[in-house]
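Read through the structure below, which is laid out as structure tokens, and then see the notes.
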Amino acid sequence: RRGALLDSARLTGWRYLILNAADRLVASADFADRGGAVPKFSALATGTALQVFGDTLLRASEEFNDTEYEVRLLDVPQVFFSALWLHAEHRDVLIPLAPAPRGLESGKPYRAIDVQPVLQAIAMRRQDETEETEADPKAAI
């Protein structure tokens, strides 16, 4: 089972990994999806976050070589969560990228139905904190 987390995910773009002559990941080029029109270049990324993604992808390709997966990146900005999403016809695996939220371990594979309750709890805590701050503006200081 996928659960509502993955069922509500939507395509926002494409990420192309750029490798050097030694097959090392050096950058990624992101293109925004435009609903059937030609995707539009949106960002060129380098740095630590990209290396974390690349390292996680490399480990996953070694560990999950029994099935052909479509590699996706799942971002849930409301709870500051990003994961490598390995999607197959009857199996989805989420591998949180560092830094992972409390309750999940970066680099560890999870079923989506195991990740969803953790993210829901984080969202509820954030909502409660927001409501408390709105009720008492001095609490935000």
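Here are a few things to note about the model shown:
- Within the range 79-90, the set of residues being over 18 Å from residue 116 (Cα atoms) and open to solvent by less than 70 Å² (accessible area, probe 1.4 Å) comprises just one member, 88.
- The test for being in a strand (DSSP E or B) and surrounded by 10 or more Cβ atoms within 10 Å (Cβ to Cβ) does not hold for residue 55.
- Residues that are touching a Ser or Thr at 6+ places or on another chain (Cβ under 8 Å) and touching a residue at least 24 places away in the same chain (Cβ under 8 Å), drawn from the range 1-27: 13, 15, 17
- Of 122, 141, all but one fail to be at pLDDT below 95, in contact with a strand residue (DSSP E or B) (Cβ under 9 Å, 6 or more places away or on another chain) and either more than 25 Å from residue 51 (Cα to Cα) or open to solvent by 90 Å² or more (accessible area, probe 1.4 Å) (or both); the exception is 122.
- Per the listing 76, 115, 93, 71, the residue uniquely modelled with pLDDT of 90 or more, under 15 Å from the mean Cα position of the chain (by Cα) and open to solvent by 70 Å² or more (accessible area, probe 1.4 Å) is 71.
The values are calculated or read from the model by the stated rules, or taken from the named source; none is laboratory data. These numbers were taken from a predicted model, which means no experiment stands behind them. Every residue, glycine as well, gets a Cβ built from its backbone with ideal geometry; the counts of neighbours run over all protein chains shown. Heads up: the accessible areas ignore ligands, DNA and RNA and are worked out on the full protein's heavy atoms, side chains in. Shrake-Rupley method; radii C 1.70, N 1.55, O 1.52, S 1.80 Å.
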